[in-house]
Amino acid sequence: MATELAGGKMLLAGEWVEKSDQIEVYNPENNEKIGSVPAGTEEDVKNAISSAKDGAEIAANLSVRERMDILTKAADYIEDHLEDFARTIALEGSKTINEARSETTRAAETIRLSAEEARRLTGESINFDQMPGNTDRMGYYFRFPVGIIAAITPFNDPLNLIAHKIGPGIAAGNAVIIKPATETPLSAVKLAEAFVSAGLPPKVLSVITGRARDIGDVLIESKDVNMISFTGGMETGEKIAKKAGLKRLSMELGSNSPAIVRTDADLHLAAASTVSGAFAAAGQNCLSVQRIYVEEGVYDSFKDLFLQKVKEVKTGNKLSEATDMGPLINEKEAIRVEDWVKEAIDAGALLLAGGNRNGAHYEPTVLEEVPSDATIVTEEVFGPVVLLFNVKNLDEAIERANDVNYGLQAGIFTTNINAALKASRRLHVGGVMINDSSDFRIDAMPFGGVKGSGLGREGVEYTIKEMSEERIVAFKLIDE
Ligand code: NAP
């Protein structure tokens, strides 16, 4: 079946712009061309920023009711075109059709939640008289928009991660310029259609497709951009932070998330949950389970259950309803994952499952006895590989879980309340999931990492706070 999707245009301040220089978009499963988008230039970004100056003014002056109506209509549009969005995600990215449907539903929910949270964009009164000499003062703070937000997004959730930036951005009254990943720009362009159809004033949103090497710096370094909201890899995040200068930064970066399995755990639950957390989206998920620390008393029984579950993961064609796990985003990435696994095996690791590659597909892979300095332990694999470690006790598990330069989320499986509480206090991460893997998230919770996993928090209410600033108003009362 021909799979070319509509596209070829980008949204520049409300205008659909075509260009002769196009970036072709391919289905990573078969390298079939599925569409194209304009190769945005520095000039396009400058134009988008210049229009966004007016856009920021227009967005700030939209009443909360108007913002809510636009966001609700955009969410309705996504739901009305759910299958179209899901097919676009599944074709351009590496998700299965079922994963893509679930991402589409979440994106609509993220934007609906943004509409809902817009009404709660409030401040509070301040007791100035808590300090001596201020009994004649009263006042409050309110929140006002930051202005122009540049949002740079990765390939792995090509719709919902953009919804997490446009939704709160508009709810808080900002203009937003999106630069989607070059590998998966079509979902972003479709999301722009939803906002155009919802009646968003033209200059408030631009979706500029193009390669980071051509348009990244001009967007990041512009003095007119007030905030960079970035989701992507740690190295890219560091480069952006260095170039950004004095502006707000939100950094949602990667991880190599740990799970801990205690002797008192429900091992069936732990195995099912960690297998799902490791292989969803073929492991290309910032929350993927990568390292599992199992107490020695249950190591062998957990390993057996885990390997049985791994066998049940159905790999294959992304568009088949029966497939659980699709390919990686491209063959180069699959080769990188293969190389990291080989490096670990050469250093003494044992291969328990998988390890084979076919084009961009890489089998669900399990290793044990991996040396703790192997790249696959210290870095983010961003692929379908999970490592099992046999540890003496909870203290050792926590120490090793923390011994990396990432800290997004962690999971612990235990029925012991003290162990759960101890882990939640000592694991140095942005979220600790008890009896769940690291791969648990709802779009309304504070979400983000520590160390190399990022700065700031997303999750609609929290993003709105990051995308707005407090302004204090203090009245000095004058005797009449
Ligand atoms: P990436 O290579 O860092 O790219 C992300 C985005 O940054 C793309 O739009 C890319 O554009 C752009 N970019 C790359 N270099 C840039 C530069 N020097 N200046 C400005 N922009 C630049 O990440 P990815 O491979 O797409 O995504 C995977 C990473 O994202 C993983 O590390 C994953 O953990 C992380 N992630 C984190 C979260 C979270 O919420 N914490 C969620 C999802 C993913 P081009 O495509 O044009 O190069």
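The values are calculated or read from the model by the stated rules, or taken from the named source; none is laboratory data. On a predicted model such as this, the values are computed, not experimentally measured, just so you know. Positions of Cβ are backbone-derived with ideal geometry, glycine not excepted, and every protein chain shown enters the neighbour counts. Just the protein is used for accessible areas: all its heavy atoms, side chains included, with ligands, DNA and RNA removed. Shrake-Rupley method; radii C 1.70, N 1.55, O 1.52, S 1.80 Å.
Straight-line cross-link partners of LYS179 among the aspartates and glutamates, defined as a Cα under 13 Å from its Cα and at least 8 positions apart when in the same chain: GLU42, ASP44, ASP214, ASP217.
Helical runs assigned H by DSSP (4 residues or longer) give the chain a calculated mean residue ellipticity at 222 nm of -12000 deg cm²/dmol, each run adding -39500 (n - 2.57) before division by the residue total.
With the Kirkwood sum run over all distinct C-alpha pairs, segment 51-150 has a hydrodynamic radius of 16.8 Å. Think of a 1.4 Å ball rolled over the protein heavy atoms: segment 257-442 then has 40 Å² of accessible area per residue. Calculation over all alpha carbon pairs of segment 369-469 in 5 angstrom steps from 0 returns a P(r) of 2, 11, 19, 24, 19, 13, 7, 3, 1, 0 percent.
Above 44 Å, the calculated P(r) of the chain contains 16 percent of its Cα-Cα pairs.
Using DSSP to call loops (not H, G, I, E or B), can you name the GluC sites (Glu not before Pro) in segment 1-96 whose Cβ has at most 16 other Cβ atoms within 10 angstrom? Passing both the DSSP loop test and the Cβ count: GLU4. Segment 95-137 and segment 353-414 have their alpha-carbon centroids 34 Å apart. Checking every one of the trypsin sites (Lys or Arg not before Pro) in segment 220-290 against DSSP loop status and a limit of 16 other Cβ atoms within 10 Å picks out LYS223. Listed values for segment 318-323 are Karplus-derived 3J(HN,Hα) couplings in whole Hz (6.51 cos²θ - 1.76 cosθ + 1.60, θ = phi - 60°), namely 4, 7, 7, 5, 7, 7, and x replaces Gly and Pro.
Each residue was assigned an accessible area with a 1.4 Å probe, and for THR375 the value is about 40 Å². Sparsely packed loop sites in segment 286-333 (the GluC sites (Glu not before Pro) outside DSSP H, G, I, E and B with at most 15 other Cβ atoms within 10 Å) comprise GLU312, GLU321.
The spacing between segment 257-306 and segment 8-62, judged by their C-alpha centroids, is 41 Å. Here's how it looks for VAL391: its modeled amide H is under 5 Å from those of VAL294, GLU295, GLU296, which are all 5 or more places away or on a different chain.
Going by accessible surface with a 1.4 Å probe and the largest first, HIS428, HIS268 read HIS268, HIS428.
Amide H to amide H, with H built 1.01 Å from N, GLN22 comes under 5 Å of ALA39, counting only residues 5 or more places away or on other chains.
For LYS73, which aspartates and glutamates qualify as cross-link partners when the Cα separation must be under 20 Å and same-chain residues fewer than eight apart are set aside? Within the straight-line limit of under 20 Å, LYS73 reaches these aspartates and glutamates: GLU15, GLU83, ASP84, GLU103, GLU109, GLU116, GLU117, GLU193, ASP443, GLU461.
Shape class of segment 391-433 from the Cα gyration tensor (axes a ≥ b ≥ c, square roots of the eigenvalues): oblate, since a/c reaches 1.5 or more and a/b does not exceed b/c. Compactness of segment 257-442 is given as radius of gyration and Dmax, 15.3, 46 Å, from Cα positions. Using a cut-off of 19 Å between alpha-carbon atoms, which aspartates and glutamates can reach LYS303, once sequence neighbours fewer than 8 places away in the same chain are excluded? Counting by Cα, and skipping residues close in sequence, LYS303 has these aspartates and glutamates nearby: ASP264, ASP266, GLU295, GLU312, GLU363, GLU368, GLU369, GLU396, ASP436. By its C-alpha gyration tensor, with a ≥ b ≥ c as the square roots of the eigenvalues, how is segment 128-286 shaped: rounded for a/c under 1.5, else prolate for a/b larger than b/c, else oblate? Judged from the Cα gyration tensor, segment 128-286 comes out oblate (a/c at least 1.5, b/c at or above a/b). For a test of the definition: using alpha carbon positions, the gyration tensor, and the 1.5 limit on a/c, classify segment 236-323 as rounded, prolate or oblate. Verdict is oblate for segment 236-323.
Per the Kirkwood definition applied to all pairs of different Cα atoms, how many angstroms is the hydrodynamic radius of segment 105-221?
Numbers: mean 1/r = 0.0620 Å⁻¹.
So the Kirkwood estimate lands at 16.1 Å.
Each residue was assigned an accessible area with a 1.4 Å probe, and for LEU421 the value is about 90 Å². Taking all protein chains together and a 1.4 Å probe, the residues ARG471, ARG213, ARG291 rank ARG213, ARG471, ARG291 from largest to smallest accessible area.
Beyond 32 Å in Cα-Cα separation lie the following of the pairs LYS223/LYS332; LYS19/LYS239; LYS33/LYS223; LYS95/LYS392: LYS223/LYS332; LYS33/LYS223; LYS95/LYS392. The heavy atoms of ASP76 present about 60 square angstrom of accessible area, all protein chains included, probe 1.4 Å.
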